[in-house]
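Only the coordinates and a few stated rules stand behind these numbers; no lab work does. Predicted model, so just to flag it, every value in this text is computed and none were measured. As a convention, Cβ positions derive from the backbone with ideal geometry for all residues, glycine included, and neighbour counts pool all protein chains shown.
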Amino acid sequence: MVKEHISAGDNYKRLLDNNRKFVAKKLAEDPMFFHHLAKGQSPDFLWVGCSDSRVPANEITGTESGEIFVHRNVANIVDLTDMNFLSVLHYSVDVLKVRHIIVCGHYGCGGVLAAMGNTHIGVANHWLTHIKDVYNQNRVELESMVEEDERGRRLVELNVLQQVKNLAKIPHVQKAWKHRELQIHGWVYGLSDGILHDLDAMHDGLNDIDPIYRYDNL
Ligand code: CO
């Protein structure tokens with residue numbers, strides 16, 4: 001990668017040009033497209049994904065503007081002290097009343113692979129400690145795998161499963177379950193083939209979570 005030796009130049013203008021083409025295409029399909037969008041949003045889905053540029057939520061799911069409320073961070077972590085994430089969750093669950101929350105990891109995730117190693121890479125190590133904890137909890141299974149690649153893929157899946165569980169611990173989510181349907185899903189995206197895999201870890205009620213995490217006065 002020698003990117004830093006090449007002038008940034010006018011590369012960014014391509015994005016603005018593309019935007020004008022996007023607008024023209026949308027208006028050709030539906031002259032009222034932006035008029036309707038501007039009125040408000042009512043997405044059915046909250047997406048919790050990795051910041052990785054190769055995993056764009058709308059593009060890989062064939063969805064349009066207005067269909068998915070999105071939160072992305074390094075390695076799709078559900079951190080119960082992250083005000084940014086909690087604000088996104090509160091608004092999407094309590095106000096927008098999304099019906100599905102999708103935690104989507106991806107194979108080859110740089111954050112997960114870094115968490116498997118012992119190199120200090122800076123402040124990101126604090127964040128990636130969440131994944132080291134997942135590794136530690138599943139050490140026997142992971143270290144039974146000979147191939148590092150296989151171990152990395154499994155840790156990507158285990159990380160998604162843990163974040164699905166973390167979502168179920170949140171009082172806002174449990175409160176929603178008392179009144180309506182809300183499903184939490186764990187998916188993994190394959191960078192090399194573009195396929196989304198459902199890990200079949202759907203949670204849709206208090207019965208799925210350990211009693212110590214349940215609140216009975218919501
Ligand atoms: Co990633």
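Which of the DSSP-defined H helices in the chain satisfy a minimum axial length of 27 Å, computed from C-alpha atoms, and a minimum mean Kyte-Doolittle hydropathy of -1.0?
The answer, listed by residue number, is 148-168.
Amide H of Val74: which non-local residues (sequence gap of 5 or more, or other chain) have their own amide H closer than 5 Å, using H built in the peptide plane?
Amide H neighbours of Val74: Ser51.
If we count every other residue with Cβ under 10 angstrom of Arg151's Cβ, Lys/Arg +1 and Asp/Glu -1, where does the sum land?
Here the charged neighbours net out to -4.
Can you tell me the length gained on complete extension of the stretch Asn136 to Leu16, counting 0.36 nm per residue apart and subtracting the Cα distance?
Result for the pair: 38.7 nm of gain on full extension.
Run the helix sum for the chain: -39,500 (n - 2.57) per DSSP H stretch of 4+ residues, divided by residue count, reported at 222 nm to the nearest 500 deg cm²/dmol.
-12500 deg cm²/dmol
Which order do peptides 102-115, 28-41 fall in by mean Cβ count within 10 Å, highest first?
Going by the mean number of other Cβ atoms within 10 Å, highest first, we get 102-115, 28-41.
What net charge is computed for the residues neighbouring Val88, neighbours being all others with C-beta under 15 Å from the C-beta of Val88, Lys and Arg scored +1, Asp and Glu -1?
-1
Past 24 Å, Cα to Cα: identify those pairs from Lys21/Lys97; Lys97/Lys169; Lys39/Lys178; Lys13/Lys39; Lys97/Lys132; Lys26/Lys97, in the order given.
Long pairs (Cα-Cα over 24 Å): Lys21/Lys97; Lys39/Lys178; Lys13/Lys39; Lys97/Lys132; Lys26/Lys97.
Taking 8 Å as the Cα distance limit and 6 or more residues as the minimum spacing, I'd like the relative contact order of the range 134-203 as a percentage.
25 percent
Taking 25 Å as R0, compute the FRET efficiency from the Cβ-Cβ separation of Ser53 and Ala8 and round it to 0.05.
0.90
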